[in-house]
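Student: Next up is a structure, given as structure tokens.
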């Protein structure tokens, strides 16, 4: 199950990156903590980080379950697709919040695939 474990680290790496970007935006735009209000680029960086945090349970739990129930390769593929989607989401949001949809859709499809893969694997084991 090593691919799943490395993919879980990649998921956490994406989250870490969004946190660094939010911190960098706070410094760049002079937004002192704990304020969450500032120019649009700062707000976008904060939203990307918060939205990615909100997504973590939706990806980490089914990623692990899929790895256990269906297989390492399937789980890793779904998790890496989520990473790709979240990076695309972030880069789109940083440019223009209206350009985040493709990354959001890819990430949600990856979560759905991981949940479905988990259910299929569990049903096969029953």
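Student: Does residue 95 meet the test of being under 17 Å from residue 51 (Cα atoms) and surrounded by fewer than 19 Cβ atoms within 10 Å (Cβ to Cβ)?
Tutor: Considered against the rule, which asks whether it is under 17 Å from residue 51 (Cα atoms) and surrounded by fewer than 19 Cβ atoms within 10 Å (Cβ to Cβ), residue 95 comes out as yes.
Student: Mind checking which residues of segment 1-35 are at pLDDT below 95, under 21 Å from the mean Cα position of the chain (by Cα) and farther than 20 Å from residue 83 by Cβ?
Tutor: None - no residue of segment 1-35 is at pLDDT below 95, under 21 Å from the mean Cα position of the chain (by Cα) and farther than 20 Å from residue 83 by Cβ, so the list stays empty.
Student: Against the condition crowded, with 19+ Cβ neighbours inside 10 Å and either closer than 30 Å to residue 125 by Cα or more than 13 Å from the chain's Cα centre (by Cα) (or both), how does residue 103 come out, does it pass? Let's see the steps before the verdict.
Tutor: Working: crowded, with 19+ Cβ neighbours inside 10 Å: yes; either closer than 30 Å to residue 125 by Cα or more than 13 Å from the chain's Cα centre (by Cα) (or both): no.
The answer is no for residue 103.
Student: Has segment 58-71 got any residue that is at pLDDT 95 or above, farther than 20 Å from residue 2 by Cα and surrounded by fewer than 20 Cβ atoms within 10 Å (Cβ to Cβ)?
Tutor: Yes - at least one qualifying residue is present in segment 58-71.
Student: Starting from residues that are under 12 Å from the mean Cα position of the chain (by Cα) and more than 14 Å from residue 8 (Cβ to Cβ), keep the ones in segment 39-57 and report whichever is surrounded by the most Cβ atoms within 10 Å (Cβ to Cβ).
Tutor: The residue in question is 48.
The values are calculated or read from the model by the stated rules, or taken from the named source; none is laboratory data. This one's a predicted model, so the numbers in the text were calculated from it and none came from an experiment. With ideal geometry, Cβ positions are generated from the backbone for all residues, glycine too; neighbour counts draw on all protein chains shown.
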